[in-house]
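*Asks:* Sharing a structure with you now.
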Amino acid sequence: MKRHLNTLFVTLDGSYLRKDGAAVEIRHEGETKMRVPLHNLEGISCFGWDIGASAALMAACAEAGVSISFHTPHGKFLAATRGFTSGNILLRREQYRRADDEAASVAIAANMLAAKLANARQVLMRAARDHGGKSPERASALGQAADAIAVRIGLLGRAGTLDSLRGIEGDAASTYFSVFRHLLVNHDPLVRISGRSRRPPLDPVNALLSFLYVLLMHDCRSALESCGLDPQCGFLHRDRPGRPSLALDLMEEFRAFLADRVALTLLNRKQITFADFRTAESGAVLLKDDSRKQVLAAWQERKQDEIIHPFLDERVTLGLLPHLQARLLARHLRGDLDAYPAFLSK
Amino acid sequence: MFGEDQLIPISALQHWLYCPRQCALIHVERAWAENRFTAEGRVMHARAHDGPDESRQGVRITRGLPVRSLRLGLAGECDVVEFHPGGRILPVEYKRGKPKSHRADEVQLCAQALCLEEMLSASVPGGCLYYGERRRRMEIPFDADLRDLVAAAAVAVHDCIRDGFTPPAEYETRRCGACSLLDLCQPQALRFRRGAGAWFGQRLRAVLSEET
């Protein structure tokens, strides 16, 4: 089985990355800060405005299949390096043909959304079981939301258009976020969430979720590219220049299971508290620079956890899930599988 | 006759004989992954190609000689070709492992010989496979059977690449266990080939039937 390797996160502004033999060397103010062998890495993600990399390093990374991406300090994607477009043109053509065919797109998108909602529902039910004893009121709110989401999942199978799928998903997502505060057992009233807000996040929980979704998106985009799929051509998300629609599609099934659970763990264990956020003049809430490292560490740690993959029936790390699902999607597009088996957590 | 831009690599024949799906994954789907075997093979080939051409007791030894056949539509490189005094031409191919039950290595060597014959208008009646684990050469005569096998494989691979078709996976423990493309191929996942949709529906119902 392909090994899930580490991602190197570079957050120190002013860093310069260069190739040193078969390793990446991180230089800062004339000093070597760190050296990591490339064969231990899957990707290099830089967070900062003043981080650079040498052409030799970019070439070595392209050769070794290691992605390098650049983000703002808050995680917004800026640019990535890659070698020549690889993979199979026939696969990409098939991807475009299916994306142009509404029925084929609905079939794929319905499974992705069913998995997204089922995995979100699992998070609610898990919390109801774990914490419900102390608060029957909370357990009942979570249970009702889980039931409402189950009903929506049933409707997905009968939806004939992408618009109706999106409508069902929107309803279920607002149900999920309406009870999200019940998942927080940390009683700091300042760490709150009211619905989902993204542009910008208006409360600390949304700020944390947004940051984690950026990390997840990055992993999904890399997974798609390494399978030869075009991350910009989605089935559920419509084309918009610059938008990685297929990466957004693929991350749906992992949002709750990977990102939301990391956020809840960090908040419930008080590893991230109100002091880790700052509020901008506009009311936008942002994760502080120093606190991002903690989130990155928790994210990396979560990716090392293992499960038995439900479809492949193999023990895999969670970090490998986007890659495995991207491959299964490619297998479906090539006609090896009659449907896309999206990831369903237990 | 094939044009120069229609030539396929000789290595594709070897992939095809090992497993048609592996051949399609590499040459149609452009998938590649290394494992210990392929990495060792690559290092060994680099070494075989590395040395300078030389003459030893009248035998001229060339390394990494590029060859092609427009008749078969093949192109590749010979690890070593020995040109003996008296006109004998002897291709030698280096392999990391040991002789195998399938004929992929012989086909690769014979394909090189057919290229040499076409380019040099000469006859190349046999060649040698050198196996790293045994550290000795094995002589391979290019009989009619082997030549036919090369021609048939070349036609099959040309068809496969032209149609862009990847044959379905069939899991075979020994063969798949040694294949570096195992996790790209996912033969295990394809046990649900016609039932991935059914699997998903069933699993979804199971997950949803859990009580809140």
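*Asks:* So which aspartates and glutamates can A:Lys116 reach, going by Cα to Cα under 18 Å and dropping same-chain residues fewer than 8 places off?
*Replies:* Excluding near neighbours in sequence, the set is A:Asp147, A:Asp163, A:Glu169, A:Asp171, A:Asp219, A:Asp249, A:Glu252, A:Glu253, A:Asp260, B:Glu210.
*Asks:* If I model a spin label as a point 7 Å beyond the Cα along the Cα-Cβ vector, how far apart are those points for A:Ala275 and A:His28 in nm?
*Replies:* 2.2
*Asks:* Next question. How high is the FRET efficiency from A:Arg97 to A:Val151, r the C-beta distance, R0 41 Å, rounded to 0.05?
*Replies:* On the way: r = 34 Å, r/R0 = 0.82.
Efficiency at R0 = 41 Å is approximately 0.75.
*Asks:* State the extension gain, in nm to one decimal, for the chain segment bounded by B:Ser101 and B:Ala198, taking 0.36 nm per residue of separation less the distance between their alpha-carbons. Please list the in-between numbers first.
*Replies:* Working: separation 97, 0.36 × 97 = 34.92 nm, distance 3.88 nm.
Net length gain for the segment: 31.0 nm.
*Asks:* Counting each DSSP H run of 4 or more residues in chain A as -39500 (n - 2.57), what helix-only mean residue ellipticity at 222 nm follows after dividing by all residues, to the nearest 500 deg cm²/dmol?
*Replies:* On the way: 10 runs with 158 residues, N = 346.
Here the helix-only value at 222 nm equals -15000 deg cm²/dmol.
*Asks:* Divide, for the range A:187-231, the radius of gyration over alpha carbons by 2.2 N^0.38 Å, where N is the residue count. Present the calculation step by step, with values, prior to reporting the outcome.
*Replies:* Details: Rg = 14.6 Å, N = 45, 2.2 N^0.38 = 9.3 Å.
Dividing the Cα radius of gyration by 2.2 N^0.38 Å gives 1.56.
*Asks:* Given the convex hull over the Cα atoms of the range A:204-346, what projected area results after averaging over all orientations, in nm²? Could you put the intermediate results ahead of the total?
*Replies:* Values: hull surface 39.4 nm².
With the hull built on Cα positions only, its mean projection is 9.8 nm².
*Asks:* Something else about it: Give the shape of the range A:17-81 as rounded, prolate or oblate, defined through the alpha-carbon gyration tensor: a ≥ b ≥ c are the square roots of its eigenvalues, a/c under 1.5 means rounded, and otherwise the shape is prolate if a/b is larger than b/c and oblate if not. Could you put the intermediate results ahead of the total?
*Replies:* Values: a/c = 1.89, a/b = 1.19, b/c = 1.59.
It is oblate, given that a/c is not under 1.5 and a/b is not larger than b/c.
*Asks:* With point charges of +1 on the Cβ of Lys and Arg and -1 on the Cβ of Asp and Glu, referenced to the Cα centre of chain A, which listed residue (A:Ala297, A:Pro231, A:Ala62) lies farthest in the positive direction of the dipole?
*Replies:* It is A:Ala297.
*Asks:* Mean separation of Cα pairs under 8 Å and 6+ residues apart, divided by the residue count of chain B: what relative contact order is that in percent? Write out the running numbers ahead of the final one.
*Replies:* Details: 323 pairs, mean separation 47.7, N = 212.
Once normalised by length, the contact order is 23 percent.
*Asks:* OK, next. Residue farthest toward the positive end of the dipole of chain A, with Cβ of Lys/Arg at +1 and Asp/Glu at -1: which of A:Leu287, A:Pro136, A:Thr7?
*Replies:* Checking the options against the dipole of chain A, the answer is A:Pro136.
*Asks:* Gaussian network model of chain A, Cα springs within a sub-10 Å range: biggest mean-square fluctuation belongs to which of A:Gly43, A:Gly154, A:Gly242?
*Replies:* The residue with the greatest mean-square fluctuation here is A:Gly242.
*Asks:* OK, next. Any idea what the dipole of the range A:200-274 comes to, in debye rounded to 20, about its Cα centre with Lys/Arg Cβ at +1 and Asp/Glu Cβ at -1?
*Replies:* Here the range A:200-274 has a charge dipole of around 280 debye.
*Asks:* For A:Phe9, list long-range residues whose amide hydrogen, built 1.01 Å from N in the peptide plane, is under 5 Å from its own amide hydrogen.
*Replies:* HN-HN under 5 Å from A:Phe9: A:Ser45.
*Asks:* Continuing with this model, one more query. Could you compute the FRET efficiency for A:Ala79 and B:Ile61, with r as their C-beta to C-beta distance and R0 at 60 Å, rounded to 0.05? Show your work: numbers first, answer last.
*Replies:* Working: r = 49 Å, r/R0 = 0.82.
So, using R0 = 60 Å, E works out to roughly 0.75.
*Asks:* Treating cross-link reach as a plain straight distance, find the lysines whose alpha-carbon is under 16 Å from the alpha-carbon of A:Lys33, omitting any fewer than eight places away in the same chain.
*Replies:* Once the sequence-local lysines are set aside, what remains near A:Lys33 is A:Lys19.
*Asks:* Given +1 on the Cβ of Lys and Arg, -1 on the Cβ of Asp and Glu, and no further charges, what dipole in debye does the protein assembly as shown carry about its Cα centre, rounded to the nearest 20? Let's see the in-between values first.
*Replies:* Values: 75 positive and 67 negative charges, 229 e Å.
Computed about the Cα centre, the dipole is about 1100 debye.
*Asks:* Right, something else. Which FRET efficiency value, to the nearest 0.05, do you get for A:Arg166 and A:Arg198 by plugging their Cβ-Cβ distance into 1/(1 + (r/R0)^6) with R0 = 22 Å? Before the final figure, lay out the partial values.
*Replies:* Numbers: r = 16 Å, r/R0 = 0.73.
The value I calculate is 0.85.
*Asks:* Using the Kirkwood radius over C-alpha pairs as Rh, can you work out the diffusion coefficient of the range A:106-228 via Stokes-Einstein at 25 °C, viscosity 0.890 mPa s, in µm² per second? Walk me through the numbers before you get to the answer.
*Replies:* Values: Rh = 15.8 Å.
In µm²/s, the coefficient is 155.
*Asks:* Restricting to DSSP H runs of at least four residues, report the calculated mean residue ellipticity at 222 nm for chain B, -39500 (n - 2.57) per run over all residues, nearest 500 deg cm²/dmol.
*Replies:* Values: 8 runs with 90 residues, N = 212.
For chain B, the value works out to -13000 deg cm²/dmol.
*Asks:* For chain B, what size does the Cα cloud have along each of its three principal axes, sorted from largest down, in whole Å?
*Replies:* Cα spread of chain B along its principal axes, largest to smallest: 85, 38, 27 Å.
*Asks:* On to the next question. Please go through the range A:1-69 and write out the GluC sites (Glu not before Pro) that DSSP classes as loop and that have at most 14 other C-beta atoms within 10 Å. Working shown, then result.
*Replies:* Values: sites: A:Glu25, A:Glu29, A:Glu31, A:Glu42, A:Glu63; in loops: A:Glu29.
When the GluC sites (Glu not before Pro) of the range A:1-69 are filtered for loop state and at most 14 Cβ neighbours within 10 Å, A:Glu29 remain.
*Asks:* What are the GluC sites (Glu not before Pro) within the range B:57-165 that DSSP puts in a loop, where the Cβ has at most 16 other Cβ atoms within 10 Å? Spell out each step's value before the answer.
*Replies:* On the way: sites: B:Glu77, B:Glu82, B:Glu93, B:Glu106, B:Glu117, B:Glu118, B:Glu133, B:Glu139; in loops: B:Glu133.
Taking the range B:57-165 and a limit of 16 other Cβ atoms within 10 Å, the loop GluC sites (Glu not before Pro) found are B:Glu133.
*Asks:* Given H placed on each backbone N at 1.01 Å, which residues far from B:Phe142 in sequence or on other chains put an amide H within less than 5 Å of it?
*Replies:* Hits under the 5 Å cutoff: B:Gly126, B:Gly127.
*Asks:* Let me ask something else about it. Dividing the convex hull volume of the Cα atoms of the range B:80-141 by its residue count, what figure in Å³ per residue is obtained?
*Replies:* Numbers: hull volume 4.7 nm³, N = 62.
In the range B:80-141, the Cα convex hull volume per residue is 76 Å³.
*Asks:* Here's another thing I want to ask about it. Ordering A:Met125, A:Met217 by accessible area with a probe of 1.4 Å, largest first, what comes out? Can you show the working numbers first?
*Replies:* Values: A:Met125 5, A:Met217 30 Å².
Highest to lowest solvent-accessible surface, that is A:Met217, A:Met125.
*Asks:* Using the Cα centre of the protein assembly as shown as origin and beta-carbon charges of +1 (Lys, Arg) and -1 (Asp, Glu), tell me which of A:Ser245, B:Ala144, A:Gln95 is placed farthest towards the positive end of the dipole.
*Replies:* A:Ser245
*Asks:* Separate question: Given q = 0.16, 0.20, 0.24, 0.25 Å⁻¹, what are the Debye log10 I(q)/I(0) values for the range A:271-320, with equal point scatterers placed on the Cα positions and solvent ignored?
*Replies:* For the range A:271-320, the Cα-only Debye profile gives -0.61, -0.72, -0.84, -0.88.
*Asks:* Note down the nm distance, to one decimal, between modelled labels 7 Å out along Cα→Cβ at B:Arg30 and at B:Thr173.
*Replies:* The modelled label-to-label distance comes out at 3.7 nm.
*Asks:* What quantity of accessible surface, computed with a 1.4 Å probe and excluding non-protein components, is buried in total between chains A and B, in Å² to the nearest 100? List each step's numbers first, then the result.
*Replies:* On the way: alone 16190 and 12500 Å², together 25850 Å².
Buried area between the two chains comes out at roughly 2800 Å².
*Asks:* Treating the beta-carbon of each Lys and Arg as +1 and of each Asp and Glu as -1, no other charges, what is the dipole magnitude of the range B:108-168 about its Cα centre, to the nearest 20 debye?
*Replies:* The calculated dipole for the range B:108-168 is roughly 380 debye.
*Asks:* Provide the percentage of antiparallel DSSP beta bridges, counting only those with both residues in the protein assembly as shown; round to the nearest 5.
*Replies:* Numbers: 44 of 62 bridges.
Here the antiparallel bridges make up roughly 70 percent for the protein assembly as shown.
*Asks:* While we're here: What are the ³J(HN,Hα) couplings of the range B:72-89, residue after residue, when phi is run through the Karplus curve with 6.51, -1.76, 1.60 and θ = phi - 60°? Round to Hz, x for glycine and proline.
*Replies:* For the range B:72-89, the Karplus-derived couplings read 8, x, 10, 8, x, 9, 8, 3, 9, 10, 9, 9, 8, x, x, x, 5, 10 Hz, x marking Gly and Pro.
*Asks:* Provide the descending list of Cα extents for the range A:290-346 along its principal axes, expressed in whole angstroms.
*Replies:* Principal axes ranked by extent give 47, 20, 14 Å for the Cα atoms.
*Asks:* Can you give me the Rg/Rh ratio for the range A:43-196, using Cα atoms for both radii and the Kirkwood formula for Rh? Could the numbers behind the result be given before it?
*Replies:* Numbers: Rg = 21.5 Å, Rh = 19.3 Å.
Ratio value, two decimals: 1.11.
*Asks:* Rg/Rh for the protein assembly as shown: what does it come to with C-alpha atoms and Rh from Kirkwood? All intermediate terms of the calculation are to be shown ahead of the outcome.
*Replies:* On the way: Rg = 27.9 Å, Rh = 26.5 Å.
On the Cα set of the protein assembly as shown, Rg over Rh gives 1.05.
*Asks:* What is the Cα centroid distance between the range A:136-177 and the range A:17-79, reported in whole angstrom?
*Replies:* Cα centroid to Cα centroid, the span is 41 Å.
*Asks:* Okay, moving on. Rolling a 1.4 Å sphere over the protein heavy atoms, what is the accessible area per residue of chain A, to the nearest Å²?
*Replies:* Values: 14810 Å² over 346 residues.
Per-residue accessible area for chain A comes out at 43 Å².
The values are calculated or read from the model by the stated rules, or taken from the named source; none is laboratory data. Just so it is clear, the structure is predicted and the values come from calculations on it, not from any experiment. In this analysis, Cβ positions are derived from the backbone assuming ideal geometry, glycine residues included, and neighbour counts consider all displayed protein chains. Quick note on the areas: whole protein, heavy atoms, side chains included, nothing else; ligands and nucleic acids left out. Shrake-Rupley method; radii C 1.70, N 1.55, O 1.52, S 1.80 Å.
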